[in-house]
Amino acid sequence: MALWDRIRESASTMQTQLTAKKNELTSGAFRDAAMAMCALVAAADGTVDASERQRVAQLIAANEVLRNFDVEDLRRRFEANLDRLAADADFGRVAVLQEVAKAKRKPAEARAVVQIGIVIGGADGDFDKDEQAVVRDACYALGLPPHEFDL
């Protein structure tokens, strides 16, 4: 199977698993962690241009699981995390990973946050090494073994 197909299949599988748990994923901690994860993935290569911001914002708005929350609130949280990362890469990364860690107390939410990172990262068919690395870092922040997600 081609790499492109494996990435697409993995993202599709993760989205199916997320959708099945949609009714469990309604806490503020999950919301905050998910938006932090989206920002980390979007900024994984060190830059986020306007088109990438727009693409990820559209993915957030279209994600069925994230429809549990107000889309404008999600956008504000996503943008705030991106701003933190842009203002100071190192301190911003620490702050955003702390947001991710909010989901640590509930294992189902923690796994869902990682799955969202994989879905967002793989949406363009290229879940690259930088994106994998930030999702792996999020696994550590959430107390999850990265190998559970093939990272």
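The values are calculated or read from the model by the stated rules, or taken from the named source; none is laboratory data. This is a predicted model, so every value here is computed, not measured. Because the Cβ atoms are built from the backbone with ideal geometry, glycine has one as well, and the counts that use them run over all protein chains shown. With ligands, DNA and RNA removed, areas are computed over all heavy atoms of the protein, side chains included. Shrake-Rupley method; radii C 1.70, N 1.55, O 1.52, S 1.80 Å.
Those residues that are open to solvent by 50 Å² or more (accessible area, probe 1.4 Å) and aliphatic (A, V, I, L, M), I need them from segment 64-84; list them, please. Scanning segment 64-84 gives a single hit, 71.
Residue-wise test of (1) in contact with a Pro (Cβ under 9 Å, 6 or more places away or on another chain); (2) crowded, with 23+ Cβ neighbours inside 10 Å; (3) assigned to a helix (DSSP H, G or I).
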{"residue": "36", "(1), (2), (3)": "no, yes, yes"}
{"residue": "51", "(1), (2), (3)": "no, no, yes"}
{"residue": "54", "(1), (2), (3)": "no, no, yes"}
{"residue": "61", "(1), (2), (3)": "no, no, yes"}
{"residue": "86", "(1), (2), (3)": "no, no, yes"}
{"residue": "114", "(1), (2), (3)": "yes, yes, yes"}
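Residue 134: at pLDDT 90 or above and closer than 14 Å to residue 31 by Cα, yes or no? Considered against the rule, which asks whether it is at pLDDT 90 or above and closer than 14 Å to residue 31 by Cα, residue 134 comes out as no. Residue 131: in a helix (DSSP H, G or I) and touching a residue at least 60 places away in the same chain (Cβ under 8 Å), yes or no? Spelling it out, residue 131 is indeed in a helix (DSSP H, G or I) and touching a residue at least 60 places away in the same chain (Cβ under 8 Å).
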